[in-house]
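The values are calculated or read from the model by the stated rules, or taken from the named source; none is laboratory data. Predicted model, so just to flag it, every value in this text is computed and none were measured. Reconstructed Cβ throughout: ideal geometry from the backbone, glycine too, with neighbour counts over all protein chains shown. To get the accessible areas, we keep the full protein, side chains included, count just its heavy atoms, and leave off ligands, DNA and RNA. Shrake-Rupley method; radii C 1.70, N 1.55, O 1.52, S 1.80 Å.
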Number of protein chains: 2
Amino acid sequence: MYRAPVEEIAFTLKHVAGLEEALEAGLFGDLTSDLVDAVLGEAGRFASEEIAPLARVGDEHGALLKDGKVATPPGWKELYRRWVEAGWNALSGPEAYGGQALPTQLAMATQEMWNSAAMAFGLGPMLTMGAIEALDKHATEDLKAKYLARLVSGEWMGTMNLTEPQAGSDVGALRTRAEPAGDGTYRLFGQKIFITYGEQDFSDNIVHLVLARLPDAPAGTRGISLFLVPKFLVNDDGSLGRRNDVFCSGLERKLGIHGSPTCTMIYGDGFAGAEPGAIGWLIGEENKGLACMFTMMNNARLAVGIQGMALAEAATQKALAYANERRQGKAADHAGGGMAAIVHHPDVQRNLLTMKALTQMARGICYACAFALDMGRVVRGGEAGYWRERANLLTPLAKAFSTDVGVEVASLGVQVHGGMGFIEETGAAALYRDARIAPIYEGTNGIQAIDLVTRKLPLGNGEVVHAYLDELVAIAAAARTAEIAELGEAADLLDRALEDVSEATRFLQDRFAAGDQQVLLAGATPYLRLLSLTAGCAYLARAAVADRSEARAALCRFAAENLLGEVAALKQRVIAGAGSLAAAARALIAE
Amino acid sequence: MYRAPVEEIAFTLKHVAGLEEALEAGLFGDLTSDLVDAVLGEAGRFASEEIAPLARVGDEHGALLKDGKVATPPGWKELYRRWVEAGWNALSGPEAYGGQALPTQLAMATQEMWNSAAMAFGLGPMLTMGAIEALDKHATEDLKAKYLARLVSGEWMGTMNLTEPQAGSDVGALRTRAEPAGDGTYRLFGQKIFITYGEQDFSDNIVHLVLARLPDAPAGTRGISLFLVPKFLVNDDGSLGRRNDVFCSGLERKLGIHGSPTCTMIYGDGFAGAEPGAIGWLIGEENKGLACMFTMMNNARLAVGIQGMALAEAATQKALAYANERRQGKAADHAGGGMAAIVHHPDVQRNLLTMKALTQMARGICYACAFALDMGRVVRGGEAGYWRERANLLTPLAKAFSTDVGVEVASLGVQVHGGMGFIEETGAAALYRDARIAPIYEGTNGIQAIDLVTRKLPLGNGEVVHAYLDELVAIAAAARTAEIAELGEAADLLDRALEDVSEATRFLQDRFAAGDQQVLLAGATPYLRLLSLTAGCAYLARAAVADRSEARAALCRFAAENLLGEVAALKQRVIAGAGSLAAAARALIAE
């Protein structure tokens, strides 16, 4: 059973991401290192003791739709109520609406724990958080007054409605219509798919944020507006009014996250009995809906990265526990006559260390990104821009690398369990199933990589990434001067990887300047992995230097010697892979 | 829906594995190239038209246990009957018992197709084939006369009973007892788990091959004997007698291959009503049971490798079809104003080409191994030993690399489908689930790697692997002299990879000579992948040279430039990875 790694998370936030120094500089006001520990400790207790025990029933029972109503798994409704009552939903919400306004770092750290414990449960609040952010930044005061406090408390939940059958990655292709009613409201008509927690029994009301087109909107992404569409209309006194014309017409049968209802939502079919059309209110400006969504997109992408890392953590814990329990065969380093626990076998150790290293590498990247997001808000002047751009740079890494790691680590976790890994009762298989969605939703990992090379590398005339690389170089230098014997050649290997990263980065920036789109697109995914592996390994080094523990240094050395070698190959793929890709791809295209 | 790639399989067998030349040399008697095509064509038709349409019902319905009886998925019993009536089970069986005695290559090629179409279905006959082989080689003439013909025809099916709760990878720990009854028969008592098709409704009788211990047997693997235990005893006239004391007490709830019943089997609990004890007959000598199992192990391991590759093929086909259908976004190389099929996006192309290349690389290795197995039987004198050792060398590559590829490619297949990949109805997720068992069963991939470095590299004083590497070097040379422009630098890249393979091989052979077990065990898995990637890429080159097609050359170049780069990193892991592994592993072990 999952136990929240509270100390590891706190350590990563404080000493790898940089929170400790920022706290000491007073950048986060009253927040102290002890308070961080206290919050994480309480969250860890809730995740381990309250959520984790209900993960399996969620997977086995799933969410069910009957007569337009969704029943979440047994016990989950009460779990959500306890979770809200403990105040967890309000952790990072705006103070004006009852939130605690704690830094994103803490929101993400608690999300790690909810998702490790049960990703299908943690997913719902993640979307509410996105809705809060979008409304807080873009909604009118009237709408905020009506909706925000109850979203912040968790009394109501929020959803995000983007995807339509013909509009997935290409959101510009969406067709849902929003017609002005003449009274400042709109009537929405259309179908949305893959809507997470689109219908549920956790909350009395559901606040849908919906992308739709006005009648005269231009085609493509410039003609998309954002609307608030509540499940129940809200009277001026705050009581619930009549049912709005938005309904769940079906749930998807999915590979994983069974406890999370994935809904097809129908807007404006007249099911509510009144005049057809779901009543909605505009958020932000007309035709600027995508920009409104983008303000929350960074957080949502980071949050999905956190999910990937959270599943990797859960899979690593499970595999490690099993490997220390299960006895098979003899092992050289195991004294005694009987069978050794399989953790003594080098091949099993290699799997476990790979899992552990990748998880911590992803954690370092995710929390460095969260730290940058917070710094962008708390520091003043030009430095704020520096941190905002850092967050922009790290977001695709956090999302794509961590979710790939989630899949890889969950797969290794099944392998460590041997035959038992394939049996559902161990839970290793459930993690392997759940993990698979994270590289897909909130922008596929391919789209993250394209975002990285076409939008993030050019940031600040290319200086944003170079400033980041300089920071990584400094970490490698610090690792060398720390003279920690257990680091072995890690600093040298890191230096070498950083040279490859620099070369690949300059190459792509040159291609960008030359407008060579094909090479950028072909090299995007290898480049994202190359930068992430190197950054992740640098964070392992920073952790080893920070506390000079033998175990951290040994893990960093393991990663440098066993995982960083891929970087040179990735550089080659970035620089020389596009030609062969284009040539070979011709055979793929059906006539 | 799956379409058997009959021409690709025939091409790989004939021009990559080497069958064409052997046929021309008359090594396979009456077998002609046309007959190979005819057999594969018919098998392809059966797989595509009869098996594939029933894959989904197998996954969704699964096998069910009720009152000790197993019901396979709707339609599967009739499917099995049609498959047997078409003679497919008898393809490679011994002629003396009604088999067609066709080469293993054809048996494996047809298994590829059955497993691509529905792995859970293909798995049953795979085990029958293993039972036939074990009985043909080790059983008495009486037992053969009673059982073999009906196993060869497929009227009865066979099973393999090795695993017990405490004895998985460490088969020597098994406890099932076999007591001599004094009349030449034995009574078996014990529990076996994970028994594939241990109970089913396909066949009237089931022939269980069971590993058990005699009362006075030495501990460990030297005290294991093999027994034949039929579900129904067989009278001297061939009619079925009374029910034997072996029963299925439960089915596992598994991640994938739901149509295949995975049974817990209870021997000797008295459920049959008569005196407790399952009646069994000794196969081979007392305490030599493991050796008997090993004679069929090579084939079974190759067959599981075929499964991994077969799933990769199925996943590639599915993803490619989807990518040509699904339209999202604009693409540079796609004319016209609307959205382009996603196959036009370079990032999608990279995924699809990686899938295609890995699948063909695994296919090359698997059929090269099958070819070597056949050559070991048909050639005379010392050359037979040469081929047998080649097969021994390639077996762990075929098993482990191909099954890892199965998981990787199935995962990429889900990714190419985007959100639809996570929805069960597309079938991409089912392949991802099914694929996950193949790296585990029939010896985990870790065990395959250990077998490779501790038993196969030392074969023939190390000469077996070097002879193989020489062959790969010759392939690279042929690729260079072929002067195929589309190969680009592939020959050079292959040469460089082969140098790394040589260096890693010599390093491990030296460590073997020095008795440095820890380094061998730590480097085993990276070495297996390094050798497999290089061999696989060499087979792509051989294919390109053989038919000088632009598409094959471009695929080889893609693999050389995009997948072979990993080899240098793997070499480093083999040579320098053990120290950091041992150091970091200390933190894994619970006190």
Is there a residue being away from chain A (no Cβ under 12 Å), open to solvent by 30 Å² or more (accessible area, probe 1.4 Å) and not hydroxyl-bearing (Ser, Thr, Tyr) anywhere in the stretch B:352-359?
no
Of the conditions (1) of a type outside the set (Asp, Glu); (2) open to solvent by 40 Å² or more (accessible area, probe 1.4 Å); (3) under 30 Å from B:Met113 (Cβ atoms), B:Trp281 clears all except one; give me its number.
(3)
Taking the criterion of being at pLDDT 95 or above, within 26 Å of the chain's Cα centre (by Cα), open to solvent by 50 Å² or more (accessible area, probe 1.4 Å) and within 13 Å of another protein chain (Cβ to nearest Cβ), would at least one residue in the stretch B:543-566 satisfy it?
yes
Can you say whether A:Val416 is within 11 Å of another protein chain (Cβ to nearest Cβ) and touching a Phe, Trp or Tyr at 6+ places or on another chain (Cβ under 7 Å), as far as the supplied structure shows?
yes
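Yes/no matrix, rows are residues, columns are (1) surrounded by fewer than 23 Cβ atoms within 10 Å (Cβ to Cβ); (2) without any contact (Cβ under 8 Å) to a residue 12 or more places away in the chain; (3) more than 25 Å from the chain's Cα centre (by Cα):
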{"position": "B:Asp183", "(1), (2), (3)": "yes, yes, yes"}
{"position": "B:Gln191", "(1), (2), (3)": "yes, no, yes"}
{"position": "B:Thr196", "(1), (2), (3)": "yes, no, no"}
{"position": "B:Gln200", "(1), (2), (3)": "no, no, no"}
{"position": "B:Ile206", "(1), (2), (3)": "no, no, no"}
{"position": "B:Leu214", "(1), (2), (3)": "yes, no, yes"}
{"position": "B:Ala217", "(1), (2), (3)": "yes, no, yes"}
{"position": "B:Arg222", "(1), (2), (3)": "yes, no, yes"}
{"position": "B:Leu226", "(1), (2), (3)": "no, no, no"}
Being open to solvent by less than 40 Å² (accessible area, probe 1.4 Å) and not assigned by TED's automatic domain parsing to the domain that holds B:Tyr197: is that true of B:Leu302 here?
yes
Within the stretch A:366-387, identify whether any single residue is within 14 Å of chain B (Cβ to nearest Cβ) and aliphatic (A, V, I, L, M), and answer yes or no.
no
Residue, modelled with the highest pLDDT, within the stretch B:285-299, restricted to residues that are open to solvent by less than 30 Å² (accessible area, probe 1.4 Å) and more than 15 Å from the chain's Cα centre (by Cα):
B:Gly289
Step by step: first the residues of the stretch B:420-429, then only those that are out of contact with any Asp or Glu (no Cβ under 9 Å at 6 or more places or on another chain) and without any contact (Cβ under 8 Å) to a residue 60 or more places away in the chain, then the one that is nearest to the other protein chains (Cβ to nearest Cβ). Which residue is that?
B:Ala429
Residues A:Arg586, A:Arg529, A:Arg511: which one is more than 9 Å from chain B (Cβ to nearest Cβ), open to solvent by 50 Å² or more (accessible area, probe 1.4 Å), out of contact with any strand residue (DSSP E or B) (no Cβ under 7 Å at 6 or more places or on another chain) and basic (Lys, Arg)?
A:Arg511
Quick one: is B:Gly406 without any contact (Cβ under 8 Å) to a residue 24 or more places away in the chain, closer than 30 Å to A:Ile447 by Cα and either part of a helix (DSSP H, G or I) or within 10 Å of chain A (Cβ to nearest Cβ) (or both)?
no
Considering the stretch B:430-470, residues that are part of a helix (DSSP H, G or I), in contact (Cβ under 8 Å) with a residue 24 or more places away in the chain and among the acidic types (Asp, Glu), and then whichever is farthest from B:Val574 (Cα to Cα), we arrive at B:Asp434
When (1) without any contact (Cβ under 8 Å) to a residue 24 or more places away in the chain; (2) closer than 24 Å to A:Val405 by Cα are applied to A:Ala291, the one that fails is (2)
Selection over the stretch A:239-253 where residues are open to solvent by less than 20 Å² (accessible area, probe 1.4 Å) and out of contact with any Cys (no Cβ under 8 Å at 6 or more places or on another chain) yields a count of 3
So A:Lys137 passes all but one of these: (1) open to solvent by less than 40 Å² (accessible area, probe 1.4 Å); (2) closer than 27 Å to A:Ile279 by Cα; (3) part of a helix (DSSP H, G or I). Which condition number does it fail?
(1)
Candidates B:Ala384, B:Ala321 - the one that is open to solvent by 20 Å² or more (accessible area, probe 1.4 Å) and free of Cβ contacts under 8 Å to residues at least 12 places away in the same chain
B:Ala321
Looking at the stretch A:429-455 only, could you name the residues that are more than 24 Å from A:Asn115 (Cα to Cα) and open to solvent by 20 Å² or more (accessible area, probe 1.4 Å)?
A:Ile450, A:Thr454, A:Arg455
State whether one or more residues within the stretch B:497-505 are crowded, with 19+ Cβ neighbours inside 10 Å, assigned to a helix (DSSP H, G or I) and either within 12 Å of chain A (Cβ to nearest Cβ) or touching a Gly at 6+ places or on another chain (Cβ under 7 Å) (or both).
yes
For the stretch B:568-581, enumerate the residues that are more than 8 Å from every other protein chain (Cβ to nearest Cβ) and over 17 Å from B:Asp516 (Cα atoms).
B:Lys571
If I ask for residues that are open to solvent by 70 Å² or more (accessible area, probe 1.4 Å), closer than 25 Å to A:Ser116 by Cα and among the aliphatic types (A, V, I, L, M), which ones from the stretch A:19-43 would you list?
A:Leu35
Looking at the structure I just gave you, is A:Gly329 small (Gly, Ala, Ser), part of a loop (DSSP other than H, G, I, E, B) and at pLDDT 95 or above?
no
Per the list (1) surrounded by fewer than 21 Cβ atoms within 10 Å (Cβ to Cβ); (2) part of a helix (DSSP H, G or I); (3) without any contact (Cβ under 8 Å) to a residue 40 or more places away in the chain, residue check on A:Gln100 breaks on (2)
Output for Cβ contacts, cut-off 9 Å, separation at least six or different chains, first residue in contact (Cβ under 8 Å) with a residue 12 or more places away in the chain in the stretch A:20-38, second open to solvent by 60 Å² or more (accessible area, probe 1.4 Å), reads A:Leu23/A:Thr32; A:Leu27/A:Glu21; A:Ser33/A:Glu24; A:Asp37/A:Glu7
Determine whether the stretch A:48-66 contains at least one residue that is in contact with a helix residue (DSSP H, G or I) (Cβ under 9 Å, 6 or more places away or on another chain), among the aliphatic types (A, V, I, L, M), open to solvent by less than 20 Å² (accessible area, probe 1.4 Å) and farther than 20 Å from A:Met157 by Cα.
yes
Checked the stretch B:318-341 for anything over 20 Å from A:Ala219 (Cα atoms) and within 7 Å of another protein chain (Cβ to nearest Cβ); matches are B:Leu320, B:Asn324
Is it true that A:Gln307 is within 14 Å of chain B (Cβ to nearest Cβ), crowded, with 22+ Cβ neighbours inside 10 Å and not small (Gly, Ala, Ser)?
yes
